[in-house]
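Peer 1: Shown below is the structure under consideration.
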Amino acid sequence: MKVLVINAGSSSLKYQLYNMVDESVLASGRVERIGMDSSIVTHEAEGKPEVRSVSEILDHVTAVKKVLEMLTHPEHGAVASMSEIEAVGHRIVHGGESFKSSVVVTPEVKLEIRNLFDLAPLHNPAHMMGIMAVETNMPNIPQAVVFDTAFHQTMPDTSYLYPIPRVLYRRHKVRRYGFHGTSHQYVSEQAASYLGKPLESLKMVSCHIGNGASCTAILDGKSFDTSMGMTPLEGLMMGTRSGDIDPAIVPFVMNKEELTLTEVNSMLNKHSGMMAISGISSDMREVSEAMEEGDRNAKLAFDMYAYRVRKYVGAYAAAMNGIDTLVFTAGVGENSSLLRKAVCEGLTFLGLELDESRNAVRSKEPRLISTDESRVKVLVVPTNEELIIARDTYRLITAAAQ
Ligand code: AMP
């Protein structure tokens, strides 16, 4: 079965076509600047050169049409005809409390995703446009949806409730949901299998550290707590997001600077984090380079970033009464040996010992970076959210067809 994975944003759409026989990627690409006059499509099929085209793509229906043209193109394509694609899987950021796992798309599921628009106003409407665009271009093709929040639905109420009036939870579902769930689930399973132990037997903290970043405490194989909250703003310091701050800062700054709700939201989501502290970039590579050249603000940003990851690992070790496995993943977690070292240096009290030469090795495979004696096993596990979406879609659609 060939499965098309789609991650639709408001002005972009990323895609991968998987052959589920061997889980190979047959083609991948993205459409950028949807809704603008010079939209860009970048496409690459396995074993063929990357192609790029600029045209007017005003909506998601046209974007999906363009993707299908690319996938079936006689020269650049990956399949002879659209009928070879048997299912489509979508990434959905917010599943609220309604979705505890991936599901096949039905009219009821679409309605429920619409009901959740309020909780993820930037993401869920765009995902829905992706689903509708597939329906228009590929009538009757089975579709599945995979939620960033689903893995965290196992959190106990002590983790997911905020100590604010409970009526806000009852009326508006204000609670911690957590994100990056597909990634935390995938890397925790990969880490357990690398260590040759059942996931349920491990006390693990997984650190998904990229542009967005979150830590998850995994106990008995389930998400026990996670650093992102009702929205992906809470928790770690990120590229442009503040992460945890005193909530009283928000009304204080709004008052002093005469900011609107939109402006304060934008400040915390787009103009904070590493960008704000370094004054250079939200990108860890650029911040690390500037730090190595002696820039003091870059060093401060790097140190704060690492310190905040370390604090969460420590907090989750306490939450689970111990930790035996620490996993790093995503852009920074997989690639920055410097950041991993900075985080681990302050965790020796847990019996964690980093092996510097193992930490320096670069690889696309899961690997151990702690010493053989270390009580806490530290691993780097490359994440693959698209593959999880393809797998879940394949599993659900195959089961539904029986
Ligand atoms: P992601 O959101 O998972 O794609 O991660 C993006 C982040 O990973 C950016 O901050 C990049 O600078 C960072 N990153 C990617 N490669 C490296 C690298 N070799 N060293 C340090 N940071 C990196």
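The values are calculated or read from the model by the stated rules, or taken from the named source; none is laboratory data. Note that this is a predicted model, so its numbers are computed, not measured. Cβ: placed from backbone, ideal geometry, glycine included. Neighbour counts: every protein chain shown. Heads up: the accessible areas ignore ligands, DNA and RNA and are worked out on the full protein's heavy atoms, side chains in. Shrake-Rupley method; radii C 1.70, N 1.55, O 1.52, S 1.80 Å.
Peer 1: So Ser159 passes all but one of these: (1) open to solvent by less than 50 Å² (accessible area, probe 1.4 Å); (2) out of contact with any strand residue (DSSP E or B) (no Cβ under 8 Å at 6 or more places or on another chain). Which condition number does it fail?
Peer 2: Result: Ser159 passes all but (2).
Peer 1: In the list Asp244, Asp225, Asp220, which residue meets the criterion of being open to solvent by 10 Å² or more (accessible area, probe 1.4 Å), free of Cβ contacts under 8 Å to residues at least 24 places away in the same chain and not basic (Lys, Arg)?
Peer 2: Of Asp244, Asp225, Asp220, the one residue that is open to solvent by 10 Å² or more (accessible area, probe 1.4 Å), free of Cβ contacts under 8 Å to residues at least 24 places away in the same chain and not basic (Lys, Arg) is Asp220.
Peer 1: Output yes when any residue across segment 387-400 is more than 21 Å from Pro198 (Cα to Cα) and touching a Lys or Arg at 6+ places or on another chain (Cβ under 7 Å), and no when none is.
Peer 2: Yes, segment 387-400 has at least one match.
Peer 1: Could you say which residue among Lys341, Lys364 is at pLDDT below 95 and within 15 Å of the ligand (Cβ to nearest atom)?
Peer 2: Lys364
Peer 1: Would you say Ser272 is closer than 21 Å to Ala120 by Cα, within 15 Å of the ligand (Cβ to nearest atom) and either small (Gly, Ala, Ser) or open to solvent by 80 Å² or more (accessible area, probe 1.4 Å) (or both)?
Peer 2: yes
Peer 1: Among the listed residues Ser281, Ser337, which satisfies the condition of being more than 26 Å from Lys203 (Cβ to Cβ), among the hydroxyl-bearing types (Ser, Thr, Tyr) and within 22 Å of the chain's Cα centre (by Cα)?
Peer 2: Of Ser281, Ser337, the one residue that is more than 26 Å from Lys203 (Cβ to Cβ), among the hydroxyl-bearing types (Ser, Thr, Tyr) and within 22 Å of the chain's Cα centre (by Cα) is Ser281.
Peer 1: Select from segment 190-214 the residues that are of a type outside the set (Gly, Ala, Ser) and part of a loop (DSSP other than H, G, I, E, B) and list them in ascending order.
Peer 2: Within segment 190-214, Lys197, Pro198, Leu202, Asn211 qualify.
Here is a yes/no grid of residues against (1) within 16 Å of the ligand (Cβ to nearest atom); (2) of a type in the set (S, T, N, Q):
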site: Met204; (1), (2): no, no
site: Ser214; (1), (2): yes, yes
site: Leu236; (1), (2): yes, no
site: Ile245; (1), (2): no, no
site: Met254; (1), (2): no, no
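Peer 1: Just a yes or no: is a residue in segment 133-140 closer than 29 Å to Ser188 by Cα and of a type in the set (Ser, Thr, Tyr)?
Peer 2: No, that holds for no residue.
Peer 1: Let me ask you something else. Got a sec? Which of Gly322, Gly333 is among the small types (Gly, Ala, Ser) and assigned to a loop (DSSP other than H, G, I, E, B)?
Peer 2: Gly322
Peer 1: Still on this structure, I have one more. Only one residue in Lys256, Lys299 is in contact with a helix residue (DSSP H, G or I) (Cβ under 6 Å, 6 or more places away or on another chain) and farther than 30 Å from Ser188 by Cβ, so which one is that?
Peer 2: Working: Lys256 fails: in contact with a helix residue (DSSP H, G or I) (Cβ under 6 Å, 6 or more places away or on another chain).
None of the others qualify; the one that does is Lys299.
Peer 1: Something else about it: Go over the candidates Leu339, Leu379 one by one and state the one that is open to solvent by less than 50 Å² (accessible area, probe 1.4 Å) and assigned to a strand (DSSP E or B).
Peer 2: Values: Leu339 fails: assigned to a strand (DSSP E or B).
Residue meeting the stated conditions: Leu379.
Peer 1: Which one is nearest to Gly235 (Cα to Cα), of the residues in segment 314-336 that are more than 12 Å from the ligand (Cβ to nearest atom) and crowded, with 24+ Cβ neighbours inside 10 Å?
Peer 2: So, considering only residues that are more than 12 Å from the ligand (Cβ to nearest atom) and crowded, with 24+ Cβ neighbours inside 10 Å, the one nearest to Gly235 (Cα to Cα) is Tyr316.
Peer 1: Then there is this: Of all residues in segment 249-289, how many are part of a helix (DSSP H, G or I) and polar (S, T, N, Q)? Break it down stepwise before answering.
Peer 2: Within segment 249-289, the first condition is being part of a helix (DSSP H, G or I), and the residues that meet it are 249-257, 261-270, 273-278, 284-289.
Keeping just the survivors that are polar (S, T, N, Q) gives 255, 262, 265-266, 269, 278, 288.
The qualifying residues number 7.
Peer 1: A further question follows. Look at Phe302 and say whether it is surrounded by 23 or more Cβ atoms within 10 Å (Cβ to Cβ), in contact (Cβ under 8 Å) with a residue 12 or more places away in the chain, within 14 Å of the ligand (Cβ to nearest atom) and in a helix (DSSP H, G or I).
Peer 2: So Phe302 passes the test.
Peer 1: Which is away from the ligand (no atom under 16 Å from the Cβ) and among the small types (Gly, Ala, Ser), of Ser288, Ser266, Ser278?
Peer 2: Ser266
Peer 1: So which of Val187, Val174, Val146, Val134 ends up being assigned to a loop (DSSP other than H, G, I, E, B) and either in contact (Cβ under 8 Å) with a residue 12 or more places away in the chain or crowded, with 21+ Cβ neighbours inside 10 Å (or both)?
Peer 2: Details: Val187 fails: assigned to a loop (DSSP other than H, G, I, E, B); Val146 fails: assigned to a loop (DSSP other than H, G, I, E, B); Val134 fails: assigned to a loop (DSSP other than H, G, I, E, B).
That would be Val174, the only listed residue that is assigned to a loop (DSSP other than H, G, I, E, B) and either in contact (Cβ under 8 Å) with a residue 12 or more places away in the chain or crowded, with 21+ Cβ neighbours inside 10 Å (or both).
Peer 1: So, one more: Which residue is nearest to the ligand (Cβ to nearest atom), if the candidates are limited to segment 367-376 and must be under 17 Å from Met204 (Cβ atoms) and either open to solvent by 30 Å² or more (accessible area, probe 1.4 Å) or of a type in the set (Phe, Trp, Tyr) (or both)?
Peer 2: Residue satisfying both the conditions and the ranking: Leu368.
Peer 1: Do we have any residue at all in segment 388-400 that's in a helix (DSSP H, G or I), over 30 Å from Val93 (Cα atoms), open to solvent by 50 Å² or more (accessible area, probe 1.4 Å) and modelled with pLDDT of 95 or more?
Peer 2: No, every residue in segment 388-400 fails to be in a helix (DSSP H, G or I), over 30 Å from Val93 (Cα atoms), open to solvent by 50 Å² or more (accessible area, probe 1.4 Å) and modelled with pLDDT of 95 or more.
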